Amino acid sequence: MAATMATSSTVVGLGTSSLSSPSHLSSSKKLNLSSGFLKSPVTAKNPLRLAQASGGKFTCFERDWLRTDLNVIGFGLIGWLAPSSVPVIGGKSLTGLFFESIGTELAHFPTPPALTSQFWLWLVCWHLGLFITLTFGQIGFKGRNENYF
C-alpha cells in the first residue's frame, strides 16, 4: 500500500481571501462588503458586540424602523378622501355613504349596528382603501427620500 501524505494548500475564492488556516478566519481584520444597492461600503459587524453597545439588548431592527412622517399621513388621507368622495355608487360617494351610515347608526346610539347593516360594508371598504393608500404612500414617500427610485 502506498502511503498518502496530506498537504496543506491555499484555496482562493471569489474575494481572493485564502482559507488555508483557521487562524486567518478568527483574525480581527474587518471585512468590507459593498453592493450597487448600498450608498457606501458596509463593514461587517459582530451582532454580539452590537448588543453590548445598546445596553445589553440585542435588537434586529433600527429603533425608528417605522420612520413615521406626518407628511405621509396627511397626503395619504387627502389622497384617499379625494377619490372616495367622487359620486360613483348610485350617485353617491363611498365617503358620503360611510358617513351617512354612521349618522343612521348613531340615531339609535345605545343599540349597536345590526350585522346586516350597510354600515359594516362601508366601514370595511372605506378603511381598506385608506390603509392601502397609506401603505403605498409610505413606500413611495420613503423610497423617494432614500433614493430607491
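The values are calculated or read from the model by the stated rules, or taken from the named source; none is laboratory data. As the structure is a prediction and not an experimental result, all values here were calculated from the model. Cβ coordinates were reconstructed from backbone atoms using ideal geometry, including for glycine residues, and neighbour counts include every protein chain displayed. For the accessible areas, the whole protein counts, side chains as well, though only heavy atoms, and no ligand, DNA or RNA atoms are used. Shrake-Rupley method; radii C 1.70, N 1.55, O 1.52, S 1.80 Å.
Some notes on this structure:
- Among the GluC sites (Glu not before Pro) within segment 53-149, those in coil by DSSP and having at most 10 neighbouring Cβ atoms inside 10 Å are GLU62, GLU146.
- Efficiency of FRET between THR116 and LEU70 - r from beta-carbon atoms, R0 41 angstrom, step 0.05: 0.60
- Debye intensity ratio in log₁₀ form over the Cα atoms of segment 69-149, taken at each q of 0.19 Å⁻¹: -0.84
- Rolling a 1.4 Å probe over the protein heavy atoms leaves ASP64 with an accessible area of roughly 90 Å².
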